[in-house]
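This report concerns only the one structure given below.
A short reminder: the numbers here are calculations on the coordinates, not readings from a lab. The structure displayed is predicted, hence computed values, not measured ones. So basically every Cβ, Gly included, is an ideal-geometry build from the backbone, and we count neighbours across all protein chains shown.
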Amino acid sequence: MEYVSTRNKELRVSAAEAIAMGIAPDGGLFCPTAFPRLTHAEFAALMGMDYKQRAAMILGKFLTDFTAEELKSFTEQAYADEKFGGRDTVPIVSLADDVHMLELWHGPTCAFKDMALQMLPHLLTASLQKTGERRTCCILVATSGDTGKAALEGFADVPKTKIMVYYPVDGVSPMQKLQMVTQQGENVEVVAIRGNFDDAQSAVKRIFTDQETAKRLDAHGLMFSSANSINWGRLAPQIAYYVSAYCDLLGAGKIAHGQTVNVCVPTGNFGNILAAYIAKQMGVPLGKLICASNENHVLTDFFAQDGVYDRNRSFHTTDSPSMDILISSNLERLLFFLSGQDDALVRQQMDALAQDGRYDVSGALGARLRADFAAGWCDDAQTARTIRRVFEEQKYLCDPHTAVAMHVMEAYRAETGDSAPVIVASTASPFKFCKPVAAALGHPIETDGTEQLAALEAVSGCKAPAPLAALGAKTPRFDRVVDKADILSTLDLIL
Ligand SMILES: *Cc1c(COP(=O)(O)O)cnc(C)c1O
């Protein structure tokens, strides 16, 4: 299978090249030129597999320059039982009314980012080998909180890699910050920036495409790559859990063969929900893909207006910080797919976005957007009420991101009458966001340290995940804070 840039279809590369580069030289994102369809026989085979085997098989459909043995070995290491709490890699908890919580956060950093970032180091290291790359790979990550830690954990002490993480100084939860600044490893660096996530992401994207910086790195035997979901190697592993979830629901008799299941995803950079879209294109009977946002509801407006994207609005810091994003990178891939791979259209719209902060594809794509997607948003107060109500009525504790999805999913059902079974992507452990969760339950917590965990345990009767509990014994290593304008100078830290 070949990959092309969303902004230039003439640029064709292998999966290994796409993963090694991270982003196309023209600023576009690499996309597969076709979606592999799962046959009945393959689907039947998947039913009998565990998560690791399923993930290897799905990845094999996209990463055709990797052998089955390689992928099997990678998924066995990435999703090893001891890393995922010794339980199912991705357990599903079924609530009332055919609502199925897909718990994607049982990995080492307690957020769904582990599903991709435990895999990416294996894929990237192999990609460097396959492409004959000798240089050390320098991974720059802009994070709204969860990606940073998951990438650090995935890449810590991985040979031939260095990793540099930028997070918005006031934009992450105390637990997220503690996770990042205590990260061990010789090849890691963590920097707080005065600015928001979009500032960090835009700065990182600029560094990637800056020729001067590339030359400077090259002189030191280094090259850039990305662990953000602009990298195909980040996105591909996420497709597997939607396929696997459908198999699990079918296997447990919770849905009938071929029955349509909706999916609701708390969305920021549009990576997770795009993975669901791709699973659907592979033939998994998924219905509406419901895109849930917080007060930064640029995506809700995009879908409501049939394709008018406008980031000219104020940025809100919310209780669901991993969704505090106004530039959703992966939407670029959706435009490419829905337009029938119209690279000229994508290039035009992305130029407009860079220049005016706005683009309009309603004429070209409006109807197609509506066919696959629905969208909604809620504010922090509604999120808190949802956390409380779901806990009281169903004894299920949601983190704020997952609660946003619950709220939007319920609103969608009420508005449309579409009561099809729904998979809700549960993207983080509630213990990563103790304060807003405890406050929602009516028991505010004052402290910022790991004592928060015990407090939320007492209030909820749920147990904090071991990796978070272990943070109490760790010493912070990183305290650097820089202005967003100075990000480039921080590269000296890794040269
Ligand atoms: C990253 C993240 C999201 C948003 O996912 P995208 O793939 O960026 O849309 C939602 N919830 C949590 C907890 C996250 O960490």
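The mean sequence distance of close C-alpha pairs (under 8 Å, at least 6 residues apart), as a share of the length of segment 392-435, puts its relative contact order at 58 percent. Straight-distance candidates among the aspartates and glutamates for linking to Lys72, with alpha-carbon spacing under 13 Å and chain neighbours fewer than 8 residues away dropped: Asp50. With a simple spin-label model that places each label point 7 Å from the Cα along the Cα-to-Cβ direction, the separation between Val93 and Arg134 comes to 5.2 nm.
Seen from Ala485, the other residues with C-beta closer than 10 Å to its C-beta sum to a net charge of -1, counting Lys and Arg as +1 and Asp and Glu as -1. Summary value for the chain: 19 percent relative contact order, contacts being C-alpha pairs under 8 angstrom separated by 6+ residues.
Here Asp492, Asp372, Asp356 are placed in order of increasing Cβ neighbour count within 10 Å, fewest first, which gives Asp492, Asp356, Asp372. The length gained by stretching the chain between Glu82 and Ala381 to full extension, at 0.36 nm per residue less their Cα-Cα distance, is 103.9 nm. Were the residues from Thr475 through Asp418 laid out at 0.36 nm apart, the gain over their Cα-Cα distance would be 15.5 nm.
Compute the signed sum of charges (Lys and Arg +1, Asp and Glu -1) over the other residues within less than 13 Å, Cβ to Cβ, of Lys288. Cβ neighbours under 13 Å give a net charge of 0.
Here Tyr412, Tyr242 are placed in order of increasing Cβ neighbour count within 10 Å, fewest first, which gives Tyr412, Tyr242.
Seen from a random direction on average, the alpha-carbon convex hull of segment 363-491 projects onto 12.9 square nanometres.
Spacing of the modelled spin labels on Thr67 and Arg12, each 7 Å from Cα toward Cβ, amounts to 2.6 nm.
Going from the residue with the fewest nearby Cβ atoms within 10 Å to the one with the most, Met21, Met223 rank Met223, Met21. Between amide H atoms placed 1.01 Å from N, distances below 5 Å from Ile290 occur with Val263, Cys264, Val265, Ala374, all of them 5 or more places distant or on a separate chain. Each other residue within a Cβ distance under 12 Å of Leu71 adds +1 if Lys or Arg and -1 if Asp or Glu, for a net charge of 0. One decimal place: the segment Ala371-Asp157 gains 72.6 nm when fully extended, by the rule 0.36 nm per residue minus the C-alpha distance. Between Asp306 and Asp486, the simple spin-label model (points 7 angstrom out along Cα→Cβ) gives 4.9 nm. Overall shape of the chain was characterised from the C-alpha gyration tensor. The equivalent ellipsoid obtained from it has semi-axes of 30, 27, 24 Å, in decreasing order. Quarter the surface of the alpha carbon convex hull of segment 304-427 and you get the mean projected area, 8.7 square nanometres. Among 158-169, 118-129, the peptide with the highest mean count of other Cβ atoms within 10 Å heads the list, and the full ranking is 118-129, 158-169.
Each part gets one Cα centre, and for segment 384-457 versus segment 174-196 those centres are 25 Å apart.
The distance from the alpha carbon centre of segment 65-124 to that of segment 283-321 is 25 Å, rounded to a whole number.
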